[in-house]
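No value in this document is a laboratory result; all are computed from the given coordinates. Fair warning: this is a prediction, and the values are worked out from it, not measured in the lab. A quick note on method: Cβ atoms are made from the backbone with ideal geometry, for glycine too, and the neighbour counts reach across all protein chains shown.
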Amino acid sequence: MFHLAMCLFIFGCTKTTEPPSGADDTVPQAIDLTSVGSMATQQFSRTDFTYFLFSQLPKDGNAMISPLSIQTVLAMTYAGAKGETARQMERVLHINGDSHSAVANSISNYSKVEPYTLNIANRIYHEKSLTLEKPFLELLNQYYAPSMQSADFKGNAVGERIVINDWVAETTENHIQNLLPNGSLTPLSRLVL
């Protein structure tokens, strides 16, 4: 039996400029995202997916998640889905086969909201012995590059965990460290999102 390790990489968001003089740095400032893009013109709905996602969370306690990152990394895996699996992913993610361009553009647009920097750490690590289909790899390279990385889970799961954690920390400017705890990857791991 093979293990599928799934980590929904969240993002690190940092302010790139100093607050105006007299501003209280402890109070979050609102960001106007209306200029980011009209959902009506996109082939997917981040809003519908976000409502669905939050409806699935436990009602008690706190959770820090990024619907943007979760929908994006799952859209990356959707690129390789077929048949009933693809149809189910479309329903849950509120996307379709034409959505990859819109997803990629929304990431680019969200990343440009001044004066903030959005660092998204989405990547698929796959066991190097797996054979991946060329159309899947081409689609990922076109819309989500660089998003694929081979890994030696069979021979060096512990070392690969460190490599992945280091990449996430570097990509998020150390806002996310040690995402994968000890023992989370084994020689039976095949895919890490």
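Assorted remarks:
- In a fully extended conformation the segment linking SER55 and ASN141 would gain 27.7 nm over its present Cα-Cα distance, using 0.36 nm per residue.
- Farthest toward the positive end of the dipole of the range 111-193, out of ILE176, VAL113, LEU137, is the Cα of LEU137, where the dipole comes from beta carbon charges about the Cα centre.
- Viscosity 0.692 mPa s, 37 °C: Kirkwood-radius Stokes-Einstein D of the range 53-193 over Cα pairs, µm²/s: 198
- In this Cβ point-charge picture (+1 for Lys and Arg, -1 for Asp and Glu), the range 146-193 has a dipole of about 260 debye about its Cα centre.
- For the range 47-120, fraction of C-alpha pairs farther apart than 17 Å, in %: 51
- Within the shell of other residues whose beta carbon sits under 13 angstrom from the beta carbon of GLU84, the net charge comes to +2, with Lys and Arg scored +1 and Asp and Glu -1.
- Amide N of the range 108-148 lying under 19 Å from the label point, which is placed 7 angstrom from the Cα of GLU173 along Cα→Cβ: 108-122
- Near GLU160: Cβ cut-off under 14 Å, other residues only, Lys/Arg at +1 and Asp/Glu at -1. The net charge is +2.
- Placing +1 on each Lys and Arg Cβ and -1 on each Asp and Glu Cβ, with no other charges, gives the range 60-193 a dipole about its Cα centre of roughly 280 debye.
- Over all other residues within a Cβ to Cβ distance under 12 Å of SER99, the charged ones net out to -1, with Lys and Arg as +1 and Asp and Glu as -1.
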